[in-house]
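J.: Below are the structure tokens for one structure; questions will follow.
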Amino acid sequence: MRLLSACLLTVATLLGNTGLIAQDPTPDQRKYLLDRVDDVAIVQLYVDGFEQLSLREKTLIYHLSQAAIAGRDIYIDQRYRYSLRIRDVLEGVLTHPQGIDETTLAAIRKYMKLFWVNNGPHSALTAQKNLLECTAEAFDEAVKQAVKNGAQLPASGEELFTLMVELQPVLFDPTFETHVTQKSPPEGVDILTASANNLYHNVTAADLDGFQERYPLNSQLIKTDSGKLRENVYRSGLDSLVPAGMYAQPIANIVAHLEAAIPFATPEMARALGALIHYYRTGEAVDFYGYNIAWVADKDSPVDTINGFIEVYMDARGIKGSWEAAVYFNDPIKMDMIRKFADNAQWFEDRMPYAESFRKDNVKGISAKAIQVVMETGDSGPVTPIGINLPNDATIRQRYGSKSVSLSNVMEAYDKASTPSARAEFCYDDAEFARADQWKSTALALEVNMHEVIGHASGQVNEGIDPAVSIKEYYSALEEGRADLVALYFIGNPKLIELGLVENETDLKEMQLAAYEAYTRNAMTQLRRIKSGTTIEEDHMRNRQMIVGWLAANTDAIRVDVRDGKTYFRVADVAAWHRGVGQLLAEVQRIKSEGDRASAERLMKDYAININVALRDEVLRRYADLDQPAYTGFVQPELTPVKDDQGNITDVQISYPQDLETQMLKWSGAMAH
């Protein structure tokens, strides 16, 4: 599971809904904010310490990064069945622009920037569809002109005409396939058919009653014309023993880059990469299980990667994995804090406010690192997490442990490009604003580390229970809420002073209040991201709404004030806030441990899903005056190998493109490499 970036609320929560604007040059002359497209900020990701790595480590990172780039089309296709064809058509126009109307070209470029950031037409933040802001006729003319200019499109002649007709409602109709994922559709509408993602074809949730999936994470489920369900598995195949599956060639390319990486890996990492390669060839769940065990066992390798069908947020059922990849190396300067939580995980586990039967007697196998991430693709980028804890399998967690990372350079990029204007607007008074400004960085670091290390890695489930299967579409939001609750429960604990993470009791109390205030404000300010509709679909948004909504309804912790026509969510009682967090955490852990879907559904429906439309509209009006972006997409670093006459890599140079369009056109092959 992951703690998401400012674009998906976490940084906005902890920093008090920070926005992004252009900054004066930093001492090292880095430029962070590159572009602004509607409510999206586009920011360059920088990496500290890469130049000081050994040639072996640089070469390993290069091959792993190539594997990350090789698989990105898998995720783009998973998000929407038309995405790759949309990309090929519109990138063809952008790379053959001669004679095309400038206004139309500008609309296409804007649409594609949003497409590139979100890996498709639908927002990674709200799940809602973006539209092309020109007429269908103007778009048709642009495509015709691009063809005359020599663009190689995914179809030609009559087939291209048919494709253009198919794409019209996708690009221009706001009522057509509106959400990539819709876990709470209108009454009587199925969650799978309401979701536009490409994880299912012609399948309803009712069709799956009694159906046992062999490939739950890495397959597309379709219902054939005869009414039978079939799993189309993602795999490259294994000689004559295992037939090739979906995306066999891209997966074979991933495998080739992973194989190239193995000679430069530590023995432990080499074993994990070998297991991952075998899984990519067979697609079997048991092989993925084996890979995860090998990956968790590798605690000490200074370079690591996440690569595969991992997170299940995009699936309305919470079963199918989205493909992603991340490549990173240790950040020793930022390592101290996260390791202190890992080393003391048992202390925190023993003091959890939930039933003793749900606590782990022997917390084991927790690896926690601060990292510099070098490459993120698929479900990890350009919209990026700031913290990750894997694997997601509850059995592996309990038997073998987990690995947590906090993405130091991602958090730094947000901090370098932040402005306090949104905090000033939604803080009730100067004292609250001062606390938010003083404690934002410390609270962010502590909460990210606690969320991942002692949040996701804590607790145990009852024998025979798989909470993801039992709780279904509510599980991801529930689990993210559980990890947040752990962090919020311990954010004011004196243990943080003992560990040297907070200086004294006065600071601890002030920081705890600032953290609770920021979290409380976020329940209101996050509504700006849902410009239409009446429900929250994104799981991290749901979990935060659930926590604040429950506290407001069941404790004296939160007060809502109105002053000069503006609404403010305020912390009324810190002690009540903390007690309430403990009570809710105890219930959420019980729900997870017992696989109690009915109780999870009640929590979500009562506190997490439905929004106050009048309040949302007020928030939108207030943000309109601030002109703040709602989320962020990152431009990745570029790695260039330096080779000798024999083709051996003698160095790997890192550079920063500072241009989303150039990077994306290069990766898709729309422009020369």
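J.: Nearest 5 percent is fine: what portion of the DSSP beta bridges confined to the chain is antiparallel?
T.: Roughly 75 percent of the beta bridges in the chain run antiparallel, per DSSP.
J.: Could you list the GluC sites (Glu not before Pro) in segment 161-203 that lie in coil according to DSSP, counting only those with at most 14 other Cβ atoms within 10 Å of their Cβ? Write out the running numbers ahead of the final one.
T.: On the way: sites: E166, E177, E187; in loops: E177, E187.
Within segment 161-203, the qualifying GluC sites (Glu not before Pro) (loop, at most 14 other Cβ atoms within 10 Å) are E187.
J.: Moving on to the next point. By a straight-distance test (C-alpha under 12 Å), which aspartates and glutamates pair with K566 as possible cross-link partners, with residues fewer than eight away in the same chain excluded?
T.: E425, D617, E618
J.: A further question on this structure: To the nearest 20 Debye, how big is the dipole of the chain about its Cα centre, given +1 on the beta carbon of each Lys and Arg and -1 on that of each Asp and Glu?
T.: My answer is approximately 640 debye.
J.: Choose one of V180, L132, V143: the residue whose Cα lies farthest towards the positive end of the charge dipole of segment 81-186 (beta-carbon charges +1 Lys, Arg; -1 Asp, Glu; about the Cα centre).
T.: Farthest towards the positive end: V180.
J.: Next question, about the same structure. Give me Rg/Rg_expected for segment 598-673, where Rg uses Cα atoms only and Rg_expected = 2.2 N^0.38 Å with N residues.
T.: For segment 598-673, the normalised Cα radius of gyration comes out at 2.07.
J.: Between their Cα atoms, which of K360/K509; K183/K369; K183/K592 are more than 24 Å away from each other?
T.: Details: K360/K509 29 Å; K183/K369 33 Å; K183/K592 19 Å.
Pairs exceeding 24 Å: K360/K509; K183/K369.
J.: Can you tally the net charge around T266? Count Lys and Arg as +1, Asp and Glu as -1, for every other residue whose Cβ sits under 13 Å from the Cβ of T266.
T.: Numbers: positive: R56, R271, K299; negative: E57, E268, D298, D300, D304.
Net charge in that neighbourhood comes out at -2.
J.: Run the numbers on the chain and let me know its relative contact order in percent, using alpha-carbon pairs under 8 Å that are six or more apart.
T.: Value for the chain: 20 percent.
J.: Can you give the helix-only mean residue ellipticity at 222 nm for the chain, where every DSSP H stretch with n ≥ 4 adds -39500 (n - 2.57) and the sum goes over all residues, rounded to the nearest 500 deg cm²/dmol?
T.: The per-residue figure over the chain is -14000 deg cm²/dmol.
J.: What longest region of the chain stays clear of chymotrypsin sites (Phe, Trp or Tyr not before Pro) that DSSP places outside H, G, I, E and B and that have at most 14 other Cβ atoms within 10 Å?
T.: Result for the longest clean stretch: 212-673.
J.: Given that just one value was derived from the coordinates, which of (i) 24.1, 73; (ii) 32.2, 113; (iii) 38.2, 141 is Rg and Dmax of the Cα atoms in Å?
T.: (i)
We did not get these values from a lab; they are worked out from the coordinates using the rules stated. Just so you know, these numbers come straight off a predicted model, no measurement behind them. Glycine gets a Cβ as well: all are built from the backbone with ideal geometry, and neighbour counts include every protein chain shown.
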